[in-house]
Amino acid sequence: MQTQTVNISLPRPLLQQVDLMAKQVYSTRSDLIRQALLEKIRRWQEWENIFSFGQKQAKKLGIKSEQEADKIVYEFRHGSKVS
């Protein structure tokens, strides 16, 4: 894997936590930050997939607003129609 060096600014307390954690898990600062970024990106992509699926389902069901979706969820959870 090709790498490129970047410079970032971090608050000193955060950097101290990074260094402490890296030491505890026998890692380098760079590797720990790299892993954290990869995990953040993975989680973001999962949420993007969830929202994309939801938008497709809403379109398929003819749901046109977030308020309409909230109403459907409320009715489903409470077993009653809301007027």
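Since every read-out is calculated from the coordinates, none of them should be taken as a lab result. Quick caveat: nothing in here was measured; it's all calculated off a predicted structure. Glycine gets a Cβ as well: all are built from the backbone with ideal geometry, and neighbour counts include every protein chain shown.
Quick rundown of the values:
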{"read-out": "10 Å Cβ shell holding at most 15 others, DSSP loop, trypsin sites (Lys or Arg not before Pro): longest site-free stretch of the chain", "value": "1-63"}
{"read-out": "Using alpha-carbon coordinates, inclination of helix 66-78 to the longest axis of the chain, degrees", "value": "80"}
{"read-out": "Ranking of Leu15, Leu38 by count of other Cβ atoms within 10 Å, fewest first", "value": "Leu38, Leu15"}
{"read-out": "The chain: angle of helix 29-61 to the longest principal axis, Cα-based, in degrees nearest 10", "value": "10"}
{"read-out": "Proximal aspartates and glutamates relative to Lys60, as straight alpha-carbon distance under 15 Å, when same-chain residues fewer than 8 apart are discounted", "value": "Glu68"}
{"read-out": "Long-range tail of P(r) for segment 12-78 (Cα pairs > 18 Å, %)", "value": "61"}
{"read-out": "Where labels lie 7 Å past Cα in the beta-carbon direction, separation of Phe76 and Arg42 in nm", "value": "2.8"}
{"read-out": "Label point distance in nm, Lys64-Leu20, each placed 7 Å from Cα along Cα→Cβ", "value": "5.5"}
